[in-house]
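Read the structure below first, then the notes.
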Amino acid sequence: MHLFAQTPADQLAKPPAGAQEFTVLSTSGTNGKSYNWTAPDGSLMSRSTVQLRGMAWDVDQRMRMGPDHMPSVIEIRGSTPTGDAAETFSITAKRAKWQTPVDHGDADYPGSAVGSAFYVAVGGTFSDGSFVETLLAAPNHSLALLPGGKAHADRLTELTVGEGARKKKVVAWAISGLGPSPSPIWATEDGKFFGAVGGLGVLPAGYETALTPMMNAQDEALAAQSPALAKRLVKTPAGPVAFTHVRAFVDGTRFVEDQTVVVENGLISSVGPSSAASVPSGAQVFDGAGKTLVPGLWDSHQHVSDDFAGPFLLSLGITSARDPGNNNDLTIARAKRRASGDLLMPHVYPSLLIDGKGPNSAQLGTIVTSPEEAVAAVRKAKSEGFTGIKFYGTYNPAWVAPAAAEAHKLGLHVHGHVPAGMRPSEAIAAGYDELTHIYFVSMEAMPKDVVDTSNGINRFNGTGRYAKDLNLDAAPIKPLLDTMVAKHIYADPTLVVVESLYVPENGDLSPAYAPYVGTLPPATERGFRTGGFAVPKDLTRDDFRKSFAKLSDLVALMHKDGISIVAGTDGSGMELVRELELYVTAGFTPEEALAAATIMPAQLVHADKTTGSIAAGKAADLVLVEGDPSHHIGDLRNTRVVMMDGKLMDADELRTASGFSGRPKIGN
C-alpha cells in the first residue's frame, strides 16, 4: 500500500547516550530493547529491536507535535515480520494524510479544540508513550482518534515498584476504544508513560522484576469488574426452556429439521420431532423457525487473554475452549473465579506450556533445563488442575519421552509444537497424543535444516518454501498418517493461521474478519488488513499460496484417513468459523466441519459423555444461530442466543459488552 523503499537497519535512528532505555520481556526472558529520546529539533524519537520466537522487529519512529498538542508529523521506518514498516502521517493546510503498509487516507483537520484528534498508527515502536501521555492529559481522559473512533482511559489500580532510590508509584489505566476489550497501560503519577505488561511486556531498564507484580495487579483490578458483568449478562431460567421448530445438529453427526429441544435444570431433557414433542407448562420458548440449534462451539487453540475474553468468546457461540499455554497464575485465578460465579467465561481446559531455555523460548512457557525439571513441571500441571501439557520448540527432544510418560501416568493429554531437531513421527513415538499446527505435521518431509531450526521463523518460511512440492501419497507423509491413524493421534491444524501468514498481501482484507468490518473500533479493523509474513527474496507470494493449498490438501487427506481433527484458531476466536469454512473448502461436509468444533474436541478432553453434542442427558451448552449452517457453514457467525450450563445469554448483549457495535454480516 505504500511507495517507500524499506529503510535498512544501519540507516535507522541510533539512540544517543542518555536515551531512555526500555526492556522488552516476558516471563521467559528478554526479547529486545527499545529507546525513547528527544531530537535537537524537538522531534520525539524512538527505536525498537525485538526478537520473538524467530520473528523480528527493527523499527524507528519520529513524531512532531502540533500546536494542538496532537501529532502533526509521524514517520515510521524499518522492518517487521510482515515486511516494510514504512508509515507516514502529516497535517498540511488543515488536511490530515496517512500512508501505511495496509491503507492510506485523508481527512479534514481543523486543528481547533473541537477538531483535534490523535492519529493511531498501524505500526510503530514498542516504547512510544506519546498517545498514553496525551490521553491522560486530555479532558476526562478522552481523545478523538484518526482515522476514527474515540479512546478513553479509566484508572485501574496503583503499585509501588523498584527499590531504594528507584522506588516509585505507578498507576494502571484501562484504555478503551482501541480494541474489543480494555488495554491496560502503566504511567507514573504525573501521567508519563511507564510501561505495559502482558504476554510481552515493555518496562524501563532496571524495573524488569516488576513484570509479574504488575501483571498480577492489573489482572486483579480488571477482575474486580467481572462479577457485575456476569450478573448483567447471564439469566438463569425460572423453569424449563424449549427451542421449538428448529433445525438441530444432533448426536454430533447430523442436521435434523423441525426439532424441539427441551432444557431443564441445566441439562437437555429431550430432543425430538416438533410434531411429537411435549413442551413443559410454563417453559420459556424460543421459536426456532429459520434458525439452527448447534452445540456450544469449541475453540481448541485459544490462549485466553483476560477476563473480557469470556463475553467476547461467548458472543461468538464459543462455550468451551482449550487454552494451550498461558500465564499459569492467571489461568488458575480465572478458573477459581469462574467456579465461584464471579467470572463469565467458557469452560476452559488448560495445558501447561513447557519449553527449554533459549532465544526462541515461548514467552509464557514454563522453562525447564533438565528432564527432572520437565517431569516436575508435569506433576505441577496435574496438581494445579491443568488437563494437558504442551511442549514447545526449544524443548529438548530427548526429554519428551520421560515427561510424556509421567503425563500419561497422571492422566494428562500431551500435545504441542514439535521441538527443533525432531520430526513428528519421533514426537509421536516419544508420547505425543496430538500434533499442533499443520506445518508441524508437514515437518516430517522438510529438509533437515528446516527441522533443526523449526523453533524460529523457519517453521513458517521453511514450510512456505517446500510444502507446495510435497507428495502426500508417498513417504514420508503417508507412513506418518498411517501411524497417526493407528495410534489415534489428534491434529489441531489451525489452517486459518496458515492462511493469514501465507496468502494475503498487506492491504488485503482477511476473509476471517471480513464479516465483522464495521462492528469494531477502526484501530482494530485496520489490523484486519495486515498481510502475511514477508516472502523470502527468492520466492513469491504465489509460492506461499501454493504451499497453503498443499497444507489444506494435507488436512483433507488426514480427515479422509480418519484422523481426528479439532478446530482451533490461535487467535481471538473470531477466526473459528473461517477455520470451518476452510475445512469445507478442503472437502469436509458441513457436518464434519462442525463436528471438529463440537464433539471431536469434547472427545479429546474426555468430556464427550457430558457435553459436545445435542442429546438428552447432556449439559445444555447450546447456540441458536440465524440461518442454515448445513448449507452455509458461515451462518454459524449469526449467533442469537447462547446457553452455557443451562443459563441463557443474549448474543447481542454479549456483543455490546465485548465492544462490537452490531452483528456480523449474514451469510457467507
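The values are calculated or read from the model by the stated rules, or taken from the named source; none is laboratory data. Since the model is a prediction, treat every value here as computed from it, not as a measurement. All Cβ positions, glycine included, derive from the backbone under ideal geometry; neighbour counts span all protein chains shown. We work out accessible area using only protein heavy atoms, side chains counted, and drop any ligands, DNA or RNA first. Shrake-Rupley method; radii C 1.70, N 1.55, O 1.52, S 1.80 Å.
Among the residues making up region 126-175, a single one is buried (at least 18 other Cβ atoms within 10 Å of the Cβ), hydroxyl-bearing (Ser, Thr, Tyr) and in contact with a Gly (Cβ under 9 Å, 6 or more places away or on another chain): Ser127.
When residues in region 383-403 are screened for being buried (at least 22 other Cβ atoms within 10 Å of the Cβ) and either closer than 16 Å to Leu435 by Cβ or charged (D, E, K, R) (or both), 8 of them pass. Among the polar types (S, T, N, Q), open to solvent by 50 Å² or more (accessible area, probe 1.4 Å), assigned to a helix (DSSP H, G or I) and at pLDDT 95 or above - does that describe any residue in region 359-382? Within region 359-382 (the criterion being among the polar types (S, T, N, Q), open to solvent by 50 Å² or more (accessible area, probe 1.4 Å), assigned to a helix (DSSP H, G or I) and at pLDDT 95 or above), the answer is no, since none of the residues qualifies. Here Glu505, Glu444 are screened, and the one residue that is surrounded by fewer than 21 Cβ atoms within 10 Å (Cβ to Cβ), at negative phi, without any contact (Cβ under 8 Å) to a residue 40 or more places away in the chain and not polar (S, T, N, Q) is Glu505. Checked across region 533-545, the condition of being open to solvent by 50 Å² or more (accessible area, probe 1.4 Å), farther than 20 Å from Leu604 by Cβ and of a type in the set (Lys, Arg) holds for at least one residue.
Put simply, of Val132, Val102 the only residue that is part of a loop (DSSP other than H, G, I, E, B) and either of a type in the set (Lys, Arg) or touching a residue at least 12 places away in the same chain (Cβ under 8 Å) (or both) is Val102.
Consider Asp68 carefully, then state whether it is at pLDDT below 95 and either β-branched (Val, Ile, Thr) or surrounded by fewer than 19 Cβ atoms within 10 Å (Cβ to Cβ) (or both).
When the stated conditions are applied, Asp68 passes them.
The residues on offer are Val50, Val24, Val73, and the sole one that is among the aliphatic types (A, V, I, L, M) and either modelled with pLDDT under 95 or open to solvent by 20 Å² or more (accessible area, probe 1.4 Å) (or both) is Val73.
Residues in region 266-303 that are more than 30 Å from Ala362 (Cα to Cα), among the polar types (S, T, N, Q) and open to solvent by less than 40 Å² (accessible area, probe 1.4 Å): Ser274, Thr292. Summed over region 208-217, the residues that are in contact (Cβ under 8 Å) with a residue 60 or more places away in the chain and open to solvent by less than 20 Å² (accessible area, probe 1.4 Å) give a count of 3. Residue under question is Asn471, and the condition is that it be open to solvent by 30 Å² or more (accessible area, probe 1.4 Å), over 27 Å from Gly177 (Cβ atoms) and either part of a helix (DSSP H, G or I) or not β-branched (Val, Ile, Thr) (or both); does it hold? Answer is yes for this residue. Exactly one residue out of Ser43, Ser79 is in contact with a strand residue (DSSP E or B) (Cβ under 9 Å, 6 or more places away or on another chain), of a type outside the set (Asp, Glu), open to solvent by 30 Å² or more (accessible area, probe 1.4 Å) and modelled with pLDDT of 95 or more, and it is Ser79.
Restricting attention to region 82-95, the residues that are surrounded by fewer than 18 Cβ atoms within 10 Å (Cβ to Cβ), among the hydroxyl-bearing types (Ser, Thr, Tyr) and farther than 23 Å from Tyr109 by Cβ total 0. Note on region 591-606: among residues that are in contact (Cβ under 8 Å) with a residue 12 or more places away in the chain and surrounded by fewer than 22 Cβ atoms within 10 Å (Cβ to Cβ), the one that is nearest to Ala491 (Cα to Cα) is Met600. Listed by first and then second residue, the pairs with beta-carbon distance under 6 Å, at least 6 apart or on different chains, first residue in region 219-247 and of a type outside the set (Ser, Thr, Tyr), second in a helix (DSSP H, G or I) and open to solvent by 50 Å² or more (accessible area, probe 1.4 Å), are Leu233/Glu653.
Here Gly421, Gly411 are screened, and the one residue that is open to solvent by 10 Å² or more (accessible area, probe 1.4 Å) and within 22 Å of Arg322 (Cβ to Cβ) is Gly411. Just need a number here: residues in region 46-66 that are farther than 16 Å from Ser34 by Cα and touching an Asp or Glu at 6+ places or on another chain (Cβ under 6 Å). So the count comes out to 0.
In region 418-433, the residues that are closer than 16 Å to Ile354 by Cα reach residues that are modelled with pLDDT of 95 or more and polar (S, T, N, Q) with C-beta atoms within less than 6 angstrom, at least six apart or across chains, in these pairs: Ala420/Ser454; Ala420/Asn455. Scanning region 222-265 for residues that are open to solvent by less than 20 Å² (accessible area, probe 1.4 Å) and of a type in the set (A, V, I, L, M) gives Leu222, Ala223, Ala230, Leu233, Val241, Ala242, Val246, Ala248, Val250, Val261, Val262, Val263.
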